Each structure stands twice: as C-alpha cells, then as structure tokens.
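One structure is given below, encoded as structure tokens.
The values are calculated or read from the model by the stated rules, or taken from the named source; none is laboratory data. Here the structure is a predicted model, which is why all the values come from computation and not from measurement. Note: ideal-geometry Cβ built from the backbone for every residue, glycine included; neighbour counts use all protein chains shown. We work out accessible area using only protein heavy atoms, side chains counted, and drop any ligands, DNA or RNA first. Shrake-Rupley method; radii C 1.70, N 1.55, O 1.52, S 1.80 Å.
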Amino acid sequence: MPKAHGYAAQSAESPLAPFSFERRDPRPDDVAIEILYCGVCHTDIHFAQNDWGATVFPVVPGHEIIGRVTATGSDVTGFKAGDLVGVGCMVDSCRHCQPCEDGLEQYCLEGMTATYNGQDRHDGSVTYGGYSDSVVVSEHFVVRVPEGLDPAAAAPLLCAGITTYSPLRHYGVKPGDKVGVIGMGGLGHMGVKFAKALGAEVTIFTRSESKIGEARKQGADHVVISTDADQMKAAAETFDFLLDTVPVPHDLNPYLATLKYDGTHILVGLLDPVEPALMAANLVTKRRVLAGSLIGGMPETQEVLDFCAEHGISCDIEMLDIHNINEAYERMKKGDVKYRFVIDMATLKDTAA
Ligand SMILES: [Zn+2]
Ligand SMILES: [Zn+2]
C-alpha cells in the first residue's frame, strides 16, 4: 500500500506531530490525490482534543483538501492525472438511500463516512484526513477546482464555504432579501460574501465594536452590535433570514425578534443544547422558523466552487507552515485568524516521522 506522511494527534493531551501511515491502493472508483493545501477547521481541534468523546487515535485531521490527481482507478471517468481537485468533509455514503439519491449525501440514512475519524465502508479502517501528503477517495466525493480559483484560498470552501452557501441556496436567498449574519469568523465572513453575491442586503451581528471596520471590509451593508440592546431593538422585525454561525450556546431570543414574520433563523455552527431556553412565542407569534443545516451534498459542493470562480469569491486565508499547526490551534481558540489557516503541504516535506 502507498506510504503516506502527515501530522497526527496520538492522544487528547498530545500535540499534533509527524506521523507515517498507509493509504489504500486505489479501488476501481478511486482517485489518488497529492495534497497541496488543507484548511484548518475548528472541528479539527475538537477531534484532536477529543472534545466530543468520539475520537479514535491517532487522528489525522483535515477536511478542506485541495490537491492534484496522481492516479485513477479503472472505472473513474471524471478525473485524470494532473487535475486540480478538492475533497471536503465526507468521502463516502451508502449511495442508495433517498438523501444519497437526492445528492444530499451528508444526510445519508446510514450516516456519511467522514474524511477523518470515519470508518471505511469496505474494510472498516479509520479514515485519515488532509494534514498529509496524499489521500485516496472515491470519485463521487471528489470535486473539480475550476480555473480562476486560487487553490489555497479554495480549500476552506470545502467546509466553511459549503456550510454557509448551502442553506442560503436551499432557502432561496434572492436579490432584495435582508440577511443577517451572526458571528464574524471563518463561516461568517463566507456567509457575508455569498449573501452579497446572491443580491441580498447584508447585516453583520457582532459582539464587538472593534469588528465594525472589518465587517464593512467584508462587504456588509450594516453592522449591529449584538450586545447593545438599543441596536437590537432598532433591528426588530427586519430580516428575512439569519445565518447563525456561532459555535457555542447563545441566546437566540433577541435574534429571533429581529426576523420578519415568516423569517428563518438558520443554525450552522451550533450542535449543543440551546441555552438559555428558546421562548416559543418568538416563533409562534410571527410564524418564524428555526432551522439547521449541515455542510452540503456533492453536487452543491461542486456548485459552490463554480459559483466562487464565477463571482470572484474566495476565503480570506493565512498560509500556515505545518510545523506551526499547534500554535495555530491556540490562535484559533482566541479567534486570532483572518479567517482561515491553510496548511501549505510543501512544508510537510522536511518533517520526519
Ligand atoms: Zn470543517
Ligand atoms: Zn445514503
């Protein structure tokens, strides 16, 4: 089997360090990829630290992968050696349930196979992610990187990008709609770009005055300081949609009050219980909807890359030498990155396992 080299966490307490392992020989429908760039997502930190108690160690994180095809299995029709491609958060699914038939593999009834810390459906092995020099993935879960996209800045589109693009498309955001984006991190800044490109009037909610300038720079038409009760009150019944990217429990009630009747509050960052409690009257009395959304299916993941190429959208990134990955995690925990670290995998070459 082909040898691979990457970075792994060996336990919840140990920092990420060089790690050698094997990738499978390509199956007939597989694409072998030399990884050029990999974005660093907050989920990576959660798995490396076993925050959710589900990590199988060693874990090689990374699910925002951009690379070049080096080989293809005998049945592969869509890719050839040399193609620039991407791999996001999933590498397999059952392929026959209704969500899979609908191109919404992330909602597979049998559960999608995650790019890392997932279990391969054929041999039961644990999947290893993109903090490595190569990966082997079924063609169905590989997307094409269109010309005109900067490959490094395209990496985060495969998680942060699709996570915010998919719900805006699903709920039909259109010119003239008023969209509020809650949170101004990796997800939030992409949400602003997509909502603007779809023609919406966009407001950023942020807790901090210091982010006003940055919010404007990202293209927001308005900024509301969410800790200022007067500003929140002035925004009452304004929005058609709220895209809520905040990953920690927060009070949804003041935000719901800013939705028009029939407005929709979409959660994309939160997996925990909602605290403080949701006041149901905030939904019932205005027929408002509280919704959630998880990444996007494979057709839509291709669509978001094409959309970004067409509209000149990319993620704001800071290039990272993989030697500094542990420092990068510490900075991310403090929100100290604009807005996504992307590992330059060329820096992996002079690390020893
Ligand atoms: Zn992610
Ligand atoms: Zn399925």
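Annotations
- Checking residue 309 against (1) outside any helix (DSSP H, G or I); (2) of a type in the set (Gly, Ala, Ser); (3) at pLDDT 95 or above, the condition it does not meet: (1)
- Filtered residue count, the stretch 247-271, keeping only those that are assigned to a helix (DSSP H, G or I) and hydroxyl-bearing (Ser, Thr, Tyr): 1
- On the stretch given as the stretch 193-216, residues that are more than 17 Å from residue 247 (Cβ to Cβ) and assigned to a helix (DSSP H, G or I) total 12.
- Condition check for residue 180: on the phi < 0 side of the Ramachandran plot, in contact (Cβ under 8 Å) with a residue 40 or more places away in the chain and in a strand (DSSP E or B): yes
- The stretch 33-44 residues that are open to solvent by less than 10 Å² (accessible area, probe 1.4 Å), paired with ones that are assigned to a helix (DSSP H, G or I) and away from ligand 1 (no atom under 16 Å from the Cβ) (beta carbon under 9 Å, 6 or more apart): 35/345; 35/348; 38/322; 38/345; 39/152
- Of all residues making up the stretch 335-353, the number that are in a loop (DSSP other than H, G, I, E, B), in contact with a strand residue (DSSP E or B) (Cβ under 8 Å, 6 or more places away or on another chain) and loosely packed, with under 14 Cβ neighbours inside 10 Å: 2
- Among the residues of the stretch 100-113, those identified as touching a residue at least 24 places away in the same chain (Cβ under 8 Å) and surrounded by fewer than 20 Cβ atoms within 10 Å (Cβ to Cβ) are 102, 103, 107.
- Qualifying positions in the stretch 1-31 - surrounded by fewer than 23 Cβ atoms within 10 Å (Cβ to Cβ) and small (Gly, Ala, Ser): 4, 11, 12, 14, 17, 20
- Just one of the listed residues (198, 187) is buried (at least 23 other Cβ atoms within 10 Å of the Cβ) and touching a helix residue (DSSP H, G or I) at 6+ places or on another chain (Cβ under 7 Å), and it is 187.
- Count - residues of the stretch 71-117 that are closer than 26 Å to residue 59 by Cβ, among the polar types (S, T, N, Q) and more than 16 Å from ligand 1 (Cβ to nearest atom): 1
- Identity of the residue in the stretch 114-141, open to solvent by less than 10 Å² (accessible area, probe 1.4 Å) and of a type in the set (A, V, I, L, M), that ends up farthest from ligand 2 (Cβ to nearest atom): 135
- Hits in the stretch 277-306 (condition: within 16 Å of ligand 2 (Cβ to nearest atom) and not in a helix (DSSP H, G or I)): 294, 295, 296, 297
- Residues that are surrounded by fewer than 19 Cβ atoms within 10 Å (Cβ to Cβ), in a loop (DSSP other than H, G, I, E, B) and of a type outside the set (Ser, Thr, Tyr), drawn from the stretch 217-246: 219, 221, 228, 236, 237
- Members of the stretch 311-334 found to be within 25 Å of residue 195 (Cβ to Cβ) and surrounded by 13 or more Cβ atoms within 10 Å (Cβ to Cβ), listed by number: 311, 313, 314, 315, 316, 317, 318, 332
- Flag if residue 107 is of a type outside the set (A, V, I, L, M), in contact with a Gly (Cβ under 7 Å, 6 or more places away or on another chain) and either more than 8 Å from ligand 2 (Cβ to nearest atom) or more than 24 Å from residue 7 (Cα to Cα) (or both): no
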